[in-house]
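Have a look at the structure below, then the notes.
The values are calculated or read from the model by the stated rules, or taken from the named source; none is laboratory data. What you are looking at is a predicted structure, and each value in this text was computed from that prediction instead of being measured. For neighbour counting, all protein chains shown are included, and Cβ atoms are generated from backbone atoms with ideal geometry for every residue, glycine included.
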Amino acid sequence: MSDKTTALVTGANKGIGYEIAAGLGALGWRVGVGARDDARREEAVEKLQAAGVDAFGVPLDVTDDASVTAATASFDRLDVLVNNAGITGDRPQEPTQVSIDTMRAAVEVNVYGVVRVTNAFLPLLRRSAHPRIVNVSSGVGSLTRQTSGGETGPISAAYSPSKTFLNAVTVQYVKELADTNIKINLACPGYVATDLNGFRGHRTPQQGAATPIRLATLPDDGPTGGYFEDAGSIPW
């Protein structure tokens, strides 16, 4: 059994997820690269290993119960879970035009996928001395920001509400796990240039990974139940 701090990052074959895995690996951690595409996953693992990261591939489709259950067998221990996998969903996303299938797909990955993975790996996390869960959300999930007249991105009746839903579910985890040593927080990477948004973002994946990495490495007196970006807390 490895005595290294061990993390699983979902959706880690590219973009922000890859940079989270790279950042945690640079700390000397052992990092599971969770991804459903075999070729992209192994390519990411090889690249990380070439950079000196103790990385290994974890076949993982967050929308599939059997895949998630099988993924737990890749670990003899788990200290940190970063639920990064997510989708924006197809367009159009104006509420008068969006398809129910598009909304359903966003929730399936961005919410149900997080619940599915978290519940499967909680038994391993409970055995850790310093367990952390980081759910990668977005500032567009903030109802305060959505209703304050500020810049919240394009109208998005699938993606934004799915992140609001994720935030709400995370709060319920915080309440249930309040008497444990598991810290669970929400991270907004900011508007990062990835294929999720057609590379329109103004931040790099490395910049987007900073807050998730900070929350994954919180000390024992660090916060739990928070919603954070680089600048600090995000209003709910």
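Looking at (1) hydrophobic (A, V, I, L, M, F, W, C); (2) modelled with pLDDT of 95 or more; (3) out of contact with any Phe, Trp or Tyr (no Cβ under 9 Å at 6 or more places or on another chain), which is the one condition that is false for Ala12?
So Ala12 meets the others, but not (3).
Which number in (1) touching a Gly at 6+ places or on another chain (Cβ under 8 Å); (2) under 18 Å from Pro223 (Cα atoms); (3) β-branched (Val, Ile, Thr) marks the one condition that Val169 misses?
Of everything listed in (1) touching a Gly at 6+ places or on another chain (Cβ under 8 Å); (2) under 18 Å from Pro223 (Cα atoms); (3) β-branched (Val, Ile, Thr), Val169 misses just condition (1).
So the check is Cβ under 8 Å with 6+ separation or different chains; which pairs have a first residue in segment 207-236 that's of a type in the set (Val, Ile, Thr) and a second one that's in a helix (DSSP H, G or I)?
Listed pairs, sorted by first residue: Ile213/Ile20; Ile213/Gly23; Ile213/Leu24; Thr217/Leu24; Thr224/Val174; Ile234/Gly139; Ile234/Arg145.
Name every residue in segment 124-143 that is in contact with a helix residue (DSSP H, G or I) (Cβ under 7 Å, 6 or more places away or on another chain) and touching a residue at least 60 places away in the same chain (Cβ under 8 Å), in order of residue number.
Arg132, Val134, Val136, Ser137, Gly139, Leu143 - these are the residues of segment 124-143 that are in contact with a helix residue (DSSP H, G or I) (Cβ under 7 Å, 6 or more places away or on another chain) and touching a residue at least 60 places away in the same chain (Cβ under 8 Å).
In segment 144-162, what count of residues is obtained for those that are under 26 Å from Asp64 (Cα atoms), touching a residue at least 60 places away in the same chain (Cβ under 8 Å) and either within 19 Å of the chain's Cα centre (by Cα) or part of a helix (DSSP H, G or I) (or both)? Break it down stepwise before answering.
Let us first name the residues in segment 144-162 that are under 26 Å from Asp64 (Cα atoms), namely 156-162.
With the extra rule that they be touching a residue at least 60 places away in the same chain (Cβ under 8 Å), the set shrinks to 156-159, 162.
Next, only the ones that are either within 19 Å of the chain's Cα centre (by Cα) or part of a helix (DSSP H, G or I) (or both) stay: 158-159, 162.
Summing the residues that are under 26 Å from Asp64 (Cα atoms), touching a residue at least 60 places away in the same chain (Cβ under 8 Å) and either within 19 Å of the chain's Cα centre (by Cα) or part of a helix (DSSP H, G or I) (or both) in segment 144-162 gives 3.
Output the qualifying pairs, or none if there are none: Cβ atoms under 7 angstrom, residues six or more apart or on different chains, first residue in segment 104-123 and under 13 Å from Ala168 (Cβ atoms), second residue of a type in the set (Val, Ile, Thr) and assigned to a helix (DSSP H, G or I).
Sorted first by the residue in segment 104-123, then by its partner, the pairs are Val111/Val169; Val115/Val169.
Among (1) more than 18 Å from Leu215 (Cα to Cα); (2) surrounded by fewer than 18 Cβ atoms within 10 Å (Cβ to Cβ); (3) modelled with pLDDT of 95 or more, which single condition is Ser148 missing?
(3)
Checking Val192 against (1) at pLDDT 95 or above; (2) surrounded by 19 or more Cβ atoms within 10 Å (Cβ to Cβ); (3) within 29 Å of Asp101 (Cα to Cα): exactly one of these is not met. Which one?
(1)
Of all residues in segment 195-222, count the ones that are of a type in the set (Lys, Arg) and modelled with pLDDT under 95.
Applying the first criterion (of a type in the set (Lys, Arg)) to segment 195-222 yields 200, 203, 214.
Among the residues that remain, those that are also modelled with pLDDT under 95 are: 200, 203.
Looking only at that region, the number is 2.
Give segment 1-45 a look and list any residue that's in contact (Cβ under 8 Å) with a residue 40 or more places away in the chain, part of a loop (DSSP other than H, G, I, E, B) and under 13 Å from the mean Cα position of the chain (by Cα), or say none.
Gly11, Ala12, Lys14
I'd like the residue in segment 117-143 that is of a type in the set (S, T, N, Q) and under 20 Å from Gly11 (Cα atoms) and, out of all such residues, is nearest to the chain's Cα centre (by Cα). Full working, then the answer.
Filtering segment 117-143 down to residues of a type in the set (S, T, N, Q) leaves 118-119, 128, 135, 137-138, 142.
Within this subset, residues satisfying the condition of being under 20 Å from Gly11 (Cα atoms) are 118-119, 135, 137-138.
Working: Thr118: 11, Asn119: 14, Asn135: 4, Ser137: 7, Ser138: 10 Å.
Step by step, filter segment 117-143, then rank; the result is Asn135.
Is it the case that segment 43-59 has a residue that's of a type in the set (Phe, Trp, Tyr), surrounded by fewer than 24 Cβ atoms within 10 Å (Cβ to Cβ) and touching a helix residue (DSSP H, G or I) at 6+ places or on another chain (Cβ under 9 Å)?
Pass one, segment 43-59, residues of a type in the set (Phe, Trp, Tyr): 56.
Narrowing further to those that are surrounded by fewer than 24 Cβ atoms within 10 Å (Cβ to Cβ): 56.
After this cut, where a residue has to be touching a helix residue (DSSP H, G or I) at 6+ places or on another chain (Cβ under 9 Å) as well, the list is 56.
Within segment 43-59, one or more residues are of a type in the set (Phe, Trp, Tyr), surrounded by fewer than 24 Cβ atoms within 10 Å (Cβ to Cβ) and touching a helix residue (DSSP H, G or I) at 6+ places or on another chain (Cβ under 9 Å).
Restricting attention to segment 126-138, which residues are crowded, with 23+ Cβ neighbours inside 10 Å and not basic (Lys, Arg)?
Kept after step one, since they are crowded, with 23+ Cβ neighbours inside 10 Å, are these residues of segment 126-138: 132-138.
Hits for segment 126-138 are Ile133, Val134, Asn135, Val136, Ser137, Ser138.
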